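Report on the following structure.
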Amino acid sequence: MANMFPLSYGQDPANLRDINEPLIDHSEGQLFLNEAFKIIIEEVLCKGTDVKQKVCEWKGPEDLALLLDLELRAEGEPQQRLLQRVKDVAKYSIKTSHPRFFNQQFAGVDYHALAGRFLSEALNTNLFTYEVAPVFVLMETEVLRSLRQLVGWTEGDGIFCPGGSTSNMFAMNLARYRLFPEVKSQGLWAVPRLTIFTSAESHYSVNKGAAFLGIGTDNIIVVKVDEGGRIIPEDLDEKIKLTKSQGAVPLLVSCTSGTTVRGAFDPLDRIADVCEKHNVWMHVDAAWGGSVLFSEQHRHLMKGVARANSVAWNPHKMLMAGLQCSALLLQDTTNLLKKCHSANATYLFQQDKFYDVNLDIGDKTVQCSRKVDCLKLWLMWKAVGSIGLAERVDKAFNLVRHLVEQMKKREGFHLLWEPEFLNVCFWFIPPSMRGKEGNADYQDRLTNVAPVIKERMIKQGTMMVGYQPLGDKVNFFRMIVLSTLVSKEDMDFSLDEIERLGNDL
């Protein structure tokens, strides 16, 4: 009988495995996985959450590349060497679960969510049809329903997306399709000039989305903000009127609940009045701040959110569900999401299946392959309940209050704004610069303080805090407090450490 699988050009028959010989030794693979898990638990989840350990073991790119031996070769490596690779990856990665990692809007670890992440990776399915992901189709539907309830909607739609930027982009696409459904088939020829309204402090994904969708960044209209970084609705109204008078079509207002730098919450109720007046889609980017909806004490920050058309919300941020976990929620009940994004691939979405084909949710997104992002949130929510999640939100606010109180007692710390949320923005003024605010070189010297302290803290591995300029404000620290592992002692340590690292500047 002829060989059904002829040799590829240049292949030596002597080097081929017997066709009955398995390519993978499963017992060896399982042993490796077991040992790798031990390393992960010890290096990442034990040491990586211990305040006595470093946040990072910093190496420059050249040294790090040599340590990791990144080159991929023709021959495989023995198990012990691979386990050392696992150890090295853990050792030289940033420990984002460490109590003194304040660098980003994700931090800490929830072990129930992490178990969900391990499980979804092991199951390795694609969340597009009920036949290959029956558990997760139903689970995602329920999680989205529960999130919508917190927004204030009894009906609606939604989808988990690969990050808040994609959620924001989807909202723009849906708003455009609602007004001009012909754009799906005819393209940009079918639509007039469209404009999007947002503040200068909104997330950069608004600009990226406008560029990606062909709307154009020149058609993003920047709305003025008040002293707290919140959209001024009266200016929004005037700018929409001006846009209309110029022949453009106002498409969408992108509000923010928890801006990236300041943590500001736009006044949603008053913005909704303007959007309804002009029939403009109202989108709320609540990727950072959405989780305040769990808290009776703090949900007032998003008063009026139920009047929005769409909401982006990232539970991987404040709730610690783990990257990535981002939901786009819609008030729409007309199946707009599917109408806008569907391609009706007949090899996946056959209409004569033996079950309800509405359970095949994959055509609601532009993705084909889609990870399971609902399980980690569902398992965590099941474990601690809505009450437990609310307690996490309230604890973070309490820690921020403590940090600010302590900061005000110390010479050299200067708050830029009273925090509305969990972003604490401040300058550290070294002793050599105090009382010299009027000097001509003061701002130039001040702008260098945060980067130098940041470099020192990273190289020593003691903590991580972000910095940036904003408008006419030179570089300042932005400390994000959200992890349940953080204590008041960690807040006090952060101030002590900044003083230690910066007092000689």
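Per residue of segment 384-392, what does 6.51 cos²θ - 1.76 cosθ + 1.60 with θ = phi - 60° give for ³J(HN,Hα)? Whole Hz please, x for Gly and Pro, Karplus curve as stated.
10, x, 4, 5, x, 5, 5, 5, 5
In what sequence, largest accessible area first, do Arg117, Arg401, Arg410 appear using a 1.4 Å probe?
Arg401, Arg117, Arg410
Please figure out what share of the DSSP beta bridges in the chain is antiparallel and state it in percent, rounded to the nearest 5.
Numbers: 22 of 42 bridges.
Roughly 50 percent of the DSSP beta bridges within the chain come out antiparallel.
More than 24 Å apart: what percent of Cα pairs in segment 323-450 qualify?
Above the 24 Å cut-off, segment 323-450 has 61 percent of its Cα pairs.
At R0 = 25 Å, how high is the FRET efficiency between Glu405 and Lys473 if r is their beta carbon distance? Nearest 0.05 is fine.
The calculated FRET efficiency here is 0.65.
Among Gly163, Ala122, Phe136, pick out the residue whose Cα is farthest towards the positive end of the charge dipole of segment 33-190, where Lys and Arg carry +1 and Asp and Glu carry -1 on C-beta, about the Cα centre.
Checking the options against the dipole of segment 33-190, the answer is Gly163.
Bin by bin, in steps of 10 Å, what percent of the Cα pairs in segment 202-334 do you find, going until the bin that has the longest distance?
Per 10 Å bin, starting at zero, the Cα-Cα P(r) for segment 202-334 comes out as 12, 42, 36, 9, 1 percent.
How would you classify segment 253-310 from its alpha-carbon gyration tensor, with a ≥ b ≥ c the square roots of the eigenvalues: rounded for a/c under 1.5, else prolate if a/b is greater than b/c, otherwise oblate?
prolate
Would you work out which of Ile232, Ala308, Thr154 lies farthest towards the positive end of the dipole of the chain, given +1 charges on the beta-carbon of Lys and Arg and -1 on that of Asp and Glu, about the Cα centre?
So the residue we want is Ile232.
Report the relative contact order of the chain, percent, no decimals, based on alpha-carbon pairs under 8 angstrom and at least 6 residues apart.
This gives 19 percent for the chain.
For segment 47-155, with only Lys/Arg (+1) and Asp/Glu (-1) charged at the beta-carbon, what is the dipole magnitude about the Cα centre, in debye rounded to 20?
Numbers: 14 positive and 15 negative charges, 112 e Å.
Roughly 540 debye for segment 47-155.
So what's the back-of-envelope 222 nm ellipticity for the chain, counting only DSSP H runs of four-plus at -39500 (n - 2.57) apiece and dividing by all residues, rounded to 500?
It comes out at -12500 deg cm²/dmol, rounded to the nearest 500.
State which entries of Lys208/Lys244; Lys47/Lys382; Lys184/Lys353; Lys54/Lys409; Lys317/Lys382; Lys317/Lys473 exceed 30 angstrom in Cα-Cα distance in the structure shown. Walk me through the numbers on the way to the answer.
Numbers: Lys208/Lys244 23 Å; Lys47/Lys382 27 Å; Lys184/Lys353 27 Å; Lys54/Lys409 28 Å; Lys317/Lys382 18 Å; Lys317/Lys473 26 Å.
In this structure, no pair lies more than 30 Å apart at Cα.
I'd like to compare 442-452, 361-371: which one has the highest average count of other Cβ atoms within 10 Å, and what's the full order after that?
361-371, 442-452
Quick one: grab the alpha carbon gyration tensor of the chain, order the square roots of its eigenvalues as a ≥ b ≥ c, and give me rounded if a/c is under 1.5, else prolate or oblate depending on whether a/b is larger than b/c.
Oblate shape, in that a/c is at least 1.5 and b/c is the bigger or equal ratio.
Assuming a ≥ b ≥ c are the square roots of the Cα gyration tensor eigenvalues, decide whether segment 233-273 counts as rounded (a/c under 1.5), prolate (otherwise, with a/b larger than b/c) or oblate.
Details: a/c = 2.77, a/b = 2.16, b/c = 1.28.
Verdict is prolate for segment 233-273.
Which whole-angstrom value gives the distance between the alpha carbon centres of segment 25-83 and segment 215-245?
If you average the Cα positions of each part, the centres end up 49 Å apart.
Name the residue from Asn344, Asn475, Gln460 whose Cα lies farthest towards the positive end of the charge dipole of the chain, charges +1 on Cβ of Lys and Arg and -1 on Cβ of Asp and Glu.
Sorting the options by dipole projection puts first Asn475.
In units of 2.2 N^0.38 Å, what is the alpha-carbon radius of gyration of segment 154-232?
Output field value: 1.21.
Given the whole protein assembly as supplied and a 1.4 Å probe, what does the accessible area of Glu155 come to in Å², nearest 10?
We get 120 Å² for Glu155.
Could you work out the relative contact order of segment 370-481? I mean the mean sequence separation of Cα pairs under 8 Å and 6+ apart, divided by the number of residues, in percent.
Dividing the mean separation by the residue count of segment 370-481 yields 22 percent.
Translational diffusion coefficient of segment 100-168 at 10 °C, 1.306 mPa s, Stokes-Einstein with Kirkwood Rh over Cα pairs, in µm²/s as a whole number. Show your work: numbers first, answer last.
Working: Rh = 14.5 Å.
The calculation lands on 110 µm²/s.
Can you tell me the dipole magnitude for segment 26-84 around its Cα centre, using point charges on the Cβ only (Lys, Arg +1; Asp, Glu -1), in Debye to the nearest 20?
Dipole size: approximately 280 debye.
If you place +1 on the Cβ of every Lys and Arg and -1 on the Cβ of every Asp and Glu, how big does the dipole about the Cα centre of the chain come out, in debye to the nearest 20?
So the dipole magnitude of the chain works out to roughly 860 debye.
Looking at segment 152-294 only, what percent of DSSP beta bridges run antiparallel? Nearest 5 please.
10 percent
Just how much of Thr125 is accessible, in Å², when a 1.4 Å probe is used and the result is rounded to the nearest 10?
The accessible area of Thr125 comes to roughly 40 Å².
The values are calculated or read from the model by the stated rules, or taken from the named source; none is laboratory data. Note that this is a predicted model, so its numbers are computed, not measured. Counting neighbours? That spans all protein chains shown, and the Cβs are built from the backbone with ideal geometry, glycine included. SASA here: full protein model, heavy atoms, side chains in, ligands and nucleic acids out. Shrake-Rupley method; radii C 1.70, N 1.55, O 1.52, S 1.80 Å.
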